[in-house]
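Worksheet: the structure to be examined is printed underneath.
The values are calculated or read from the model by the stated rules, or taken from the named source; none is laboratory data. Predicted model only: the values in this text are computed from it and were never measured. Positions of Cβ are generated from backbone atoms using ideal geometry, with glycine treated the same way; all protein chains shown enter the neighbour counts. Heavy atoms of the whole protein, side chains included, go into the accessibility calculation; ligands, DNA and RNA do not. Shrake-Rupley method; radii C 1.70, N 1.55, O 1.52, S 1.80 Å.
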Amino acid sequence: QDDSYTIGVAIPSATHGFMGGLNYHAQASIERLEATYPQLEFVLATAGDAGKMVNDIEDMVATRGIDALVVLPFESEPLTSPVQAVKEQGIWVTVVDRGLSVPGIEDLYVAGDNPGFGRVAGEYFAENLNEGDNIVVLRGIPTTLDNERVDAFTAAIDGSGINVLDMQHGNWNRDDAFNVMQDFLSKYDDIDAVWAADDDMAVGVLEAIDQAGRNEEMWVVGGAGMKEIIKRIMDEDPMLPVNVTYPPAQIATAIELTALGLVSSTPVSGRFIIGSQMITPENAESFYFPDSPF
Amino acid sequence: MTDTTASAAAPRFRLSFQTLGPVLALIALIILGASLNSNFLSYGNVTNVLARSAFIGIIAVGMTFVITGGGIDLSVGSMAAFVAGVMIMAMNAMVPSLGIGVPLVLAGMAVALLTGLAAGLLNGILIAKAGIEAFIVTLGAMGIYRSLTTWLADGGTLSLDFEARTFYRPVYYDGLLGVAWPIIVFAVVAILGEIAMRKTPFGRHCASLGANEQVARYSAVKVDLVRMATYVILGGLVGLATIMYVPRLGSASGSTGVLWELEAIAAVIIGGTVLKGGFGRVWGTVVGVLILSLIDNILNLASIVSPYLNGAIQGVIVILAVVLQRQGKSAD
Amino acid sequence: MTDTTASAAAPRFRLSFQTLGPVLALIALIILGASLNSNFLSYGNVTNVLARSAFIGIIAVGMTFVITGGGIDLSVGSMAAFVAGVMIMAMNAMVPSLGIGVPLVLAGMAVALLTGLAAGLLNGILIAKAGIEAFIVTLGAMGIYRSLTTWLADGGTLSLDFEARTFYRPVYYDGLLGVAWPIIVFAVVAILGEIAMRKTPFGRHCASLGANEQVARYSAVKVDLVRMATYVILGGLVGLATIMYVPRLGSASGSTGVLWELEAIAAVIIGGTVLKGGFGRVWGTVVGVLILSLIDNILNLASIVSPYLNGAIQGVIVILAVVLQRQGKSAD
Amino acid sequence: MTAILEARGITRSFGPIEVLHGVDFDLVPGEIHALIGENGAGKSTTMKILGGYLQPTKGELLLDGRPVTFADQREAEAAGILMIHQEFNLALQLTVEENLFLGREKRRGPFLDTRAMRAEAREWLSRLDCHVDPQTRVSDLSVPNRQMVEIARALGRNARVLIMDEPTAVLTGRETDVLLDQIARLKAQGAAILYTSHKLDEIARIADRVTVLRDGSHITTRPAAGFTEHAMAEAMVGRELSDLFPDRPDPGDDVVLEVENLTVPGHVRDASFKLRRGEVLGFAGLVGAGRTELMEGIVGLRPATGRVTVNGAPLRSGSVRAAREAGLVYLTEDRKEKGLLLGKSLTENLTLLALDRFGRLFIDKSAEEKALTTAFSEFDIRAKDRTMTAGSLSGGNQQKLLLAKTMLAEPQIVIIDEPTRGIDIGTKQQIYDFIAALAAQGKSVIVVSSELPEVIGLSSRVVVMGRGHIAGELSGSEITEDAILRRAMGVGELTGASA
Ligand SMILES: Nc1ncnc2c1ncn2[C@@H]1O[C@H](COP(=O)(O)OP(=O)(O)OP(=O)(O)O)[C@@H](O)[C@H]1O
Ligand SMILES: Nc1ncnc2c1ncn2[C@@H]1O[C@H](COP(=O)(O)OP(=O)(O)OP(=O)(O)O)[C@@H](O)[C@H]1O
Ligand SMILES: [Mg+2]
Ligand SMILES: [Mg+2]
């Protein structure tokens, strides 16, 4: 039947908060679209590593005959040629968040802004700290994406005279971040602020600071807008002055646009970059989604 | 012919270099830490390290029995995540009826313990009664619990009700006479474990089971029951570890407890328990757990190298800690 | 007299239910897959599944020898990542001098094989010569290679030069008479492995080593050498698997090959090799690898459940596959 | 003739303890040299030193008159010296053929020549009149068959020097005869043979020279001719020996154990018998008759159907624990795989079966130590050091430890499978006295033994098994070797009791 379509969605599995949110939004939008458009069928596959993601995509093409693929590459490099192969078979390709390493393969690109995510946070630090103030940084899992964020952050505070005492990987994980922060607190007597490049890590960091009783001494900026954190910003928690968005809902946007492109003749190709915004107590309300798991 | 090998198994509690191996490694690490950072031996840091070790430590004590009995359990990390998830959901559900208070916390603890025991029992039945290879049962269970947790959390994080959490929090952060609760619980579990291993029939039976199941059976040891008991105890201890874990961050997700199984097994082996079973040493396991925690702590405190290389240094130290032990052996 | 009863004791390769267990599980999965989706048995899908099984499969064949010899290797996944990283860096560095072409690819392959063999040799020396517990050595090595890879990639991804990659790509995607190269290589490795296990002195020596090291030693088996050889072979096969892997994804990072070790070990055990050593079955391992790949494939074929539960289904099937096998045993 | 292999002033210590004190010894081609001595006298240790498995602490070895040192047994083997161990040296998970050729596989090009190896394995085994399939796993073989495999392995290698450490301890008369013939054949071919056994009649039969060891010291070396069994026994133990078997006590009337129609699938069909209080009941039969399996079925170690009643109460099937609680225990014939934890201490082994007698909650270690002291004296266990592992005891002392372990459970009914396997003549006498004393105390004993004199000398009644069923029962004066063998081979019924 010409008017029924299958859309394959390949995303990383929900191994930390942000990806959990992303999984949630993907499933929610699929449910929504399946209800609205009976002629659409979706195949959702989550992968724990790049190889598995390539397997999933191969399976979708070989056995499910997909008409469009929405993919959030687990890593850019390894996914590039498999996705290119899909494209070469005439299947619509939407790439989300992490770009492929060869430009121009995808029909539609929807993404957050990783350098922006680091830069916005960095700019806030540069503005709100004085020369000679000390900060520590908790990075994510070592990946290109983490490098982009941290590089942009470092560039933004460059020249401000802020001292980066230490950077360690908290792996976007609450427990790891808690441990690392505990050790930072033992190691450094004077910390003025913490950049935890993800809200899951921020939760662990806050707990460690609280335990050490050094709440008055420093503030924390996380990222990606987890609902608990947004709530505390709304409540004007002095430890959490701001947050930087990196919306997990971008996957929903991508899926919806792709679906729209198939069922209607609306031209949807192009690039949609969802910039990273600063969440402040003033605008926090509009970023607060109490029902999302993230 | 066994005589020569048998003599290599040194009499148990002689103060040999082999026995001391892990202890020496631990002392070396402490000296290293103290020389790298003056805060290393501070009350705060010591408390942090010990309290964090408690989860893996409590689990590793149980793992010592499983491994001594000739088994293995790969499911403990994901079991912990699952138990935490169930506990949090149960407590959240009970808030309206029980209110915030001691009954709620006690009810939550009971749920955690029971879930842990049940999970351990399930492993135990499949392994001891159905006779399926422990590696496969617990590998399967690992996948099952991990994915059930993600599913319960809907891909995200299960968080304990905020007020319940505030009330429950002291169970991790407070303590008795300046010693944090997790440390106390870990110490009690370790001491009871050491006693059970060395002084009770159960410990003997575990070791005989791991040494030669056939001989144990011919000696009227209830082989299946003992084997099952090791998994049930481990399950219960996973529950107990979770009780200490949940008040720390008040949440659980699919990524809770990832790789705990490997860390617990490593601690057991570093401590001198024999991987193929037949001989176990609970105090050794405690030393093993502390070694592993200290490595992390020292790497964080020292920042000597690229953080990318932390894993490599960790690996080298783990191997070295065991080399110390083996050299004692070959000199025997 | 005795001969009658003795012959009742199962000769090794009788077609028992136990032997057939994994095969039955495989057949059940194939039937399930075919009934769920008509494309399941299509040339494309079969090629996909077999080709992607090749990496783990080649490694698992080597793992069969290690486990049969009473050892274990937890480092293979991260070793694969490391070998891939080294191979990519070496090829990138050689592009200017060798240009794009067969020499470059051959040089890259040689680098991969040698790195794999060297890594295997290192494990082997530490385990067989220095006498350190295999679990600890390879656990340490796992951390070391994983973190070296991350460090080489500077936290990101190492990518093969784009043109080199395009040239190299057919090694994964093309084949001979419609059979993709990885499938051919896997088949050859499996057949050679099966022959080595059953028809050569080396295979027997491995089994004797795992069954009773002392006996092997007294029977003039060069115990240390054989043990070392199992790790070196496994290292070489990791190199070979990497040669097939790199043209597929053209890159390596710290997350390449995560959990391959567990998958390889699971495949070996599902296939009927005894975890504690002494008996190994290469063809069983191949069946085990196929079972594991098919489970993933089938889960993708039919989106029956929440993707969060895939892990649980996987776990259940793995346990069931082995239950089949054990029931045969108890009915023996 | 000059010696092939000679030991001069060999001393050996384990840790601080010296167990061999300057032993001199030589082996001459075409001669069978027997080494005898009590359990723990140092026979196995001497043999291992000659075989290259152990190095002497002091002293030297001469090979063809030239001093040698063997770094390991491989070098000894290269010099044509081979040894059959007292304890098995087989990999259980491998097949018979794999074990026979381990380390010296036949090849065709790079591959194994399996067919040739099987044929040759079959040939060696049939030379020993042992008809196991070379493809059987050793773990599936009975203990005697394992021993035959062990022997076949050594015979197949054409040794100049063959050292045999109690090869017949687990064999029955018929197999022993076959083995002794083979030894005679090797001797005729000019091999030098070192032989030890606690069965002194064998020594008298085949040995040319006899060396006696006592407590690690060389006592005497003499030609076998004119050295009577009795004299040998006294030279070993260093004292007068009285009659070997004690008087048979009179059994009471009440039945303590009744077995009805017990079937152990694959091994035993419909076995029924009764055991009375204060009785010693012998079980005789050829190897493979199923005696062991029947006993294991009775105590719940093997799945079995049928009824077992102890003191009138039915016994729960399949539970060793239940049997023990009813006062019924079984002492296994396979002490290495089923009896002792070889890597564990003596105490741990001693108390394992009766652990609940040493405290329910905590183990009373001092009581355990006392029990060990008692066991040492009661069973004459000779250990140089209380903290050694069970595996480093001499073979005979391991058997005594196993006996002590079983008796510690204070059973009312003891089933002893091969009670004196590997035990020296002096201790044998002690064990026989012990069994008689048990019966006199009103306990009941089943003795399963392949040594007919033992069965005959101890029991007041003998059950004969053949091919998995009970072939007959003899009592009083009916009990003779001839009658037992006739029944065991299934010809008893034809000719009637030959009392
Ligand atoms: N590996 C060892 N470590 C410590 N002591 C040992 C070891 N091997 C043997 N012994 C001791 O050496 C002594 C001699 O033992 P050996 O095995 O030679 O006796 P044996 O004459 O063969 O006795 P049996 O007739 O019981 O076999 C014994 O006291 C034994 O306990
Ligand atoms: N674990 C086993 N699995 C399979 N068959 C076995 C096993 N153990 C023994 N058998 C077989 O059972 C038969 C009887 O065993 P066994 O020789 O021990 O009987 P028995 O009457 O006790 O003789 P004996 O006491 O003289 O050894 C033998 O033919 C043996 O091959
Ligand atoms: Mg001996
Ligand atoms: Mg028997």
From most to least accessible, 1.4 Å probe, no ligand or DNA/RNA atoms counted, A:3, A:56, A:176 line up as A:3, A:176, A:56
As straight-line cross-link partners of residue A:52, the qualifying aspartates and glutamates (C-alpha separation under 16 Å, not fewer than 8 residues apart within one chain) are A:75, A:77, C:261, C:263, C:296
Given Cβ charges of +1 for Lys and Arg and -1 for Asp and Glu, the option among D:126, D:227, D:143 whose Cα lies farthest towards the positive end of the dipole of the range D:5-237 is D:126
Expressed as a whole-number percentage, the relative contact order of chain C with C-alpha contacts under 8 angstrom and at least six residues apart is 36 percent
Rounded to the nearest 10 Å², the accessible area of residue D:357 using a 1.4 Å probe with every protein chain kept is 120 Å²
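Which of the helices in chain A meet the span-like rule: DSSP H, Cα axial reach of 15 Å or more, Kyte-Doolittle mean at least 1.0?
Working: long enough: A:17-36 (28 Å, -0.18); A:50-64 (20 Å, -0.21); A:76-88 (18 Å, -0.45); A:114-128 (22 Å, -0.61); A:144-157 (20 Å, 0.06); A:174-187 (19 Å, -0.67); A:199-212 (20 Å, 0.44); A:250-263 (20 Å, 1.51).
Passing helices, by number: A:250-263.
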Note on chain A: contact order normalised by length, alpha-carbon pairs under 8 Å, 6 or more apart, percent, works out to 20 percent
Long-range amide H partners of residue A:9, meaning residues 5 or more apart or on another chain whose placed amide H is closer than 5 Å, are A:43, A:44, A:45, A:70
Under the helix-only model (-39500 (n - 2.57) for each DSSP H run of 4 or more, divided by the residues of chain A), the mean residue ellipticity at 222 nm, to 500 deg cm²/dmol, is -14000 deg cm²/dmol
Listed residues B:312, B:153, B:110; largest mean-square fluctuation, Gaussian network over chain B with Cα springs below 10 Å, found at B:312
Computed over the protein assembly as shown, protein heavy atoms only, probe 1.4 angstrom, the accessible area per residue in square angstrom equals 35 Å²
Of the residues D:203, D:110, D:218, the Cα lying farthest along the dipole of the range D:5-237 towards its positive end, which is defined by charges on the beta carbon of Lys, Arg, Asp and Glu, belongs to D:110
Chain A: Kirkwood hydrodynamic radius (Cα pairs, Å) comes out at 19.9 Å
Rounded to a whole number, the mean other protein chain Cβ count within 10 angstrom for residues of B:249-258 is 6
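Among DSSP beta bridges whose residues both lie in the protein assembly as shown, state the antiparallel percentage, nearest 5.
45 percent
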Computed ³J(HN,Hα) along the range D:41-49: with the Karplus parameters 6.51/-1.76/1.60, θ = phi - 60°, integer Hz and x for glycine or proline, the list is 6, x, 5, 4, 5, 4, 5, 5, 5
In the range B:153-172, accessible area falls by at least 10 Å² from chain alone to full assembly (1.4 Å probe) for B:154, B:155, B:156, B:157, B:159, B:165, B:169, B:172
Here the averaged projected area of the range D:255-488, based on the convex hull of its alpha-carbon atoms and given in nm², is 12.2 nm²
Taking a ≥ b ≥ c as the square roots of the Cα gyration tensor eigenvalues, with a/c under 1.5 meaning rounded and otherwise prolate when a/b beats b/c or oblate if not, the range D:5-237 comes out prolate
Across A:186, A:276, A:81, the residue with the highest GNM fluctuation in chain A (Cα network, 10 Å cutoff) is A:186
Rounded to the nearest 5, the percent of antiparallel DSSP beta bridges in the range D:255-488 equals 55 percent
Cα extents of the range A:1-84 along the principal axes, largest first, in whole Å, come to 35, 28, 16
Row for the protein assembly as shown, column shape: gyration tensor on C-alpha, a ≥ b ≥ c, rounded if a/c < 1.5 i.e. under 1.5, prolate if a/b over b/c, else oblate; value prolate
Among beta bridges assigned by DSSP with both residues in the range D:5-237, the antiparallel ones amount in percent, to the nearest 5, to 60 percent
Reduced to Cα centres, the span from the range D:70-102 to the range C:14-76 in Å works out to 38 Å
Probe 1.4 Å, protein heavy atoms only: B and C together bury a total accessible area in Å², to the nearest 100, of 3700 Å²
Among chymotrypsin sites (Phe, Trp or Tyr not before Pro) in the range D:328-364, those in a DSSP loop whose Cβ has at most 14 other Cβ atoms within 10 Å are D:362
Buried accessible area between D and B, both sides, 1.4 Å probe, in Å² rounded to 100, is 3000 Å²
Links exceeding 22 Å between C-alpha atoms in this model, out of D:274/D:443; B:129/D:336; B:222/D:336; B:276/D:106, come to B:129/D:336; B:276/D:106
Chain A, Gaussian network, Cα under 10 Å: of A:114, A:283, A:128, the residue fluctuating most is A:128
Between the alpha carbon centres of the range A:31-105 and the range D:259-315 the gap in Å comes to 69 Å
Length-normalised contact order of the range D:5-237, Cα under 8 Å, at least 6 apart, in percent, tallies to 29 percent
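Just to be sure I understand: if I project the alpha-carbon convex hull of the range A:227-294 onto a plane and average over all orientations, what area do I get in nm²?
So the Cα hull casts an average projection of 5.5 nm².
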iface C-A | buried accessible area, total | probe 1.4 Å | Å², round 100 | 2500 Å²
About its Cα centre, chain D carries a charge dipole, from +1 on Lys and Arg Cβ atoms and -1 on Asp and Glu Cβ atoms, whose size in debye to the nearest 20 is 1160 debye
Sites removed, the longest contiguous part of chain A containing no DSSP-loop GluC sites (Glu not before Pro) with at most 15 other Cβ within 10 Å is A:1-130
Of the accessible area of the protein assembly as shown, computed with a 1.4 Å probe and all protein chains kept, carbon and sulfur make up a percent value of 58 percent
